[in-house]
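Below you'll find the structure, written out as structure tokens, and then a few comments.
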Amino acid sequence: MIRIENFINGLHLPPRVNSYLPCYEPATGALYAEVPDSGPEDVDLAVLAAEQALLIWSGMSQAQRHDILMNLSYLIKENLNKLAQAESRDTGKPIKLAKQVDIPRAVDNFKFFASSIMHFASESHHMPGVQAINYTLRQPLGIVACISPWNLPLYLLSWKIAPALAAGNVVIAKPSEVTPMTAYLLSKLCKEAGLPPGVLNIIHGAGPRAGQALVEHPKIKAISFTGGTATGRRIAKIAAPQLKKISLELGGKNPNIIFADCDYDKALSTAVKAAYSNQGQICLCGSRIFIERSFYDRFKADFVEKVSRLRIGDPSKASTQVGALTSASHRDKVLAYIELAIQEGGHVICGGEVPSLPSQMSNGYYVAPTAIENLSFDCRTNQEEIFGPVVTLTPFDTEEELLLYANSVSYGLSATIWTADVSRAHRLAEKVDAGIIWVNCWLLRDLRTPFGGMKDSGVGREGGLEAMRFFTEPKNVCIQYGA
Ligand code: NAD
């Protein structure tokens, strides 16, 4: 049994009340670790440590911070296999995905923001008529909270920690209590990277206890949160009266729009990937597939055939393409949505059940990749985020009809459009409600671009300059040099 510890002031510590939460291995359902059930008293300790570290860290040159963050990036790379194994075991995701996507992205996040701070420039505005000049200082905010979900644990945690630290803030991070392992392993690399004690603190524990105590703490200046929309709303409610800065990256119900003039093979294989990567537990997954009616039947048949060839099972096997869902409660939620879809008149065209797997995995949290058709665009199955390996297929005839369907949900995170018609692509990119639009591709990421959603998918943007701006306070200085 692995016992995870908090990381406060450079030390690994048990929670002050000495109570722990269980961590289960999704592939087998076995208990394999325990994670601190931290509370306000642990948050207080972390705030004290962070406060003491702020002067040292914010007073360092950009080059010094760059070097330390680059060290962390190199150390994650050196430990890639170990971290990928831990991520796969903790989340149920295929080891191949953890090795090729999750951990390399954590390496890149630190590398990207370490170099960003070396190039981060602030604005200057000249007023020749009155002989004055303005320049804007971009100063660190102070102590910031970074709260992340369970689907891409190290990937998303590092996406927040790296810009916050690069900009000179000190951080208290709260990873998901469901998947705490790689955050724990990251904390073990901090000393070797040269990060001074207290600069990064990691508090483990349940959202309503440890997470909420962090959000409520008056010394926390900003909260960068990724997770569900309901939690985001709760955090916004607590943060608003204290006038804290917030960035909320929330849920999605993303349309994948496929026109008959698309590159058929690429659209088809990417649609399968966008539906079932990480068992559909990526906020950017294309879970509502809209297909031009003229080739709906052909696309459906080929989609189902491709899905039937996906290898589902033990996440630790290199050949596995679909692993386990991350928790038993989430698996139950996904299965309940399949039931709901059937009640709403949906036809399950593939999956829809718990797959039969070898006995050592019989208590794991598996759901077969599922596709459902014959549902109205505005039914609950097509409106609510399922966040699992479940997609719907819906035909459309015109662009107007398609836009009605695509924009009918309360979410607006991402959308994918497949077409060879450039004018149509631009036209729809303007009109679809989403913060991120991919045309003829999916999940192609440039870390310099703004990342985030509109409507119920969030407030603010991450990535590139947006993140550096979020984690700094602009202060304008106006100097009149004339008489
Ligand atoms: P969640 O909202 O339950 O939890 C996210 C984090 O918030 C966890 O660390 C949790 O412990 C913490 N938390 C929970 N309640 C809290 C509270 N009251 N105060 C402070 N912290 C609290 O989300 P989840 O189930 O871990 O993740 C799945 C959700 O995340 C999905 O909706 C998915 O779409 C979303 N997500 C969004 C993005 C994005 O970039 N927009 C990326 C990944 C996941």
If you check every pair at least six apart or on different chains, which have Cβ atoms under 7 Å apart with a residue in segment 310-327 that is in contact (Cβ under 8 Å) with a residue 12 or more places away in the chain first and a residue that is of a type in the set (D, E) and open to solvent by 10 Å² or more (accessible area, probe 1.4 Å) second?
T320/D314
Sort out which residues of segment 1-27 are crowded, with 20+ Cβ neighbours inside 10 Å and more than 26 Å from the chain's Cα centre (by Cα), and write them in order of number.
P15
Scanning for something under 17 Å from V409 (Cβ atoms), at pLDDT 95 or above and open to solvent by 20 Å² or more (accessible area, probe 1.4 Å), does segment 350-357 turn up at least one residue?
no
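To keep it simple, each residue is scored yes or no on (1) more than 26 Å from I342 (Cα to Cα); (2) within 16 Å of the ligand (Cβ to nearest atom).
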position: E385; (1), (2): no, yes
position: V390; (1), (2): no, yes
position: T394; (1), (2): no, no
position: S410; (1), (2): no, yes
position: E430; (1), (2): yes, no
position: V439; (1), (2): yes, no
position: G453; (1), (2): yes, yes
position: R469; (1), (2): yes, no
position: C478; (1), (2): yes, no
The condition of being within 12 Å of the ligand (Cβ to nearest atom) and of a type in the set (K, R) holds, among R234, R293, only for R234
Scan segment 378-394 and tell me whether some residue there is without any contact (Cβ under 8 Å) to a residue 12 or more places away in the chain and either over 23 Å from I289 (Cα atoms) or crowded, with 16+ Cβ neighbours inside 10 Å (or both).
no
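For segment 314-325, check the following and say yes or no: at least one residue is within 16 Å of the ligand (Cβ to nearest atom), open to solvent by 50 Å² or more (accessible area, probe 1.4 Å) and not hydroxyl-bearing (S, T, Y).
No, segment 314-325 contains no residue that is within 16 Å of the ligand (Cβ to nearest atom), open to solvent by 50 Å² or more (accessible area, probe 1.4 Å) and not hydroxyl-bearing (S, T, Y).
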Evaluate segment 74-89: report whether one residue or more is over 25 Å from Q321 (Cβ atoms) and over 24 Å from the mean Cα position of the chain (by Cα).
no
Taking segment 135-148 and the residues there that are open to solvent by 20 Å² or more (accessible area, probe 1.4 Å) and over 14 Å from I223 (Cβ atoms), the one that is farthest from the ligand (Cβ to nearest atom) would be Y135
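Okay, residues lined up against (1) at positive phi; (2) over 18 Å from the mean Cα position of the chain (by Cα); (3) of a type in the set (G, A, S):
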position	(1), (2), (3)
V130	no, yes, no
Y155	no, no, no
A167	no, yes, yes
P175	no, no, no
P197	no, yes, no
I223	no, no, no
T226	no, no, no
T231	no, no, no
Within segment 397-405, does at least one residue satisfy the condition of being open to solvent by less than 30 Å² (accessible area, probe 1.4 Å) and within 22 Å of the chain's Cα centre (by Cα)?
no
Residue pairs meeting the criteria (Cβ under 8 Å; at least 6 apart or on separate chains; first at pLDDT 95 or above and open to solvent by 20 Å² or more (accessible area, probe 1.4 Å), in segment 280-303; second among the charged types (D, E, K, R) and more than 16 Å from the ligand (Cβ to nearest atom)):
E292/D397; R293/D397; K300/E373
A240 - would you say it is open to solvent by less than 20 Å² (accessible area, probe 1.4 Å), among the aliphatic types (A, V, I, L, M) and in the same structural domain as V107 (by TED's automatic domain parsing)?
no
Out of the residues in segment 348-370 that are among the hydroxyl-bearing types (S, T, Y) and assigned to a loop (DSSP other than H, G, I, E, B), state the one that is nearest to L403 (Cα to Cα).
Y366
List pairs: first residue in segment 228-257 and without any contact (Cβ under 8 Å) to a residue 40 or more places away in the chain, second residue part of a loop (DSSP other than H, G, I, E, B) and surrounded by fewer than 16 Cβ atoms within 10 Å (Cβ to Cβ) anywhere in the structure, Cβ distance under 7 angstrom, at least six positions apart or on different chains.
Q242/P218
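The values are calculated or read from the model by the stated rules, or taken from the named source; none is laboratory data. A quick note: this is a predicted structure, and the numbers were derived from the prediction, not measured. Note that each Cβ is placed from the backbone with ideal geometry, even for glycine, and that neighbours are counted across all protein chains shown. Each accessible area value is taken on the protein alone, full model and side chains, heavy atoms only, with ligands, DNA and RNA left out. Shrake-Rupley method; radii C 1.70, N 1.55, O 1.52, S 1.80 Å.
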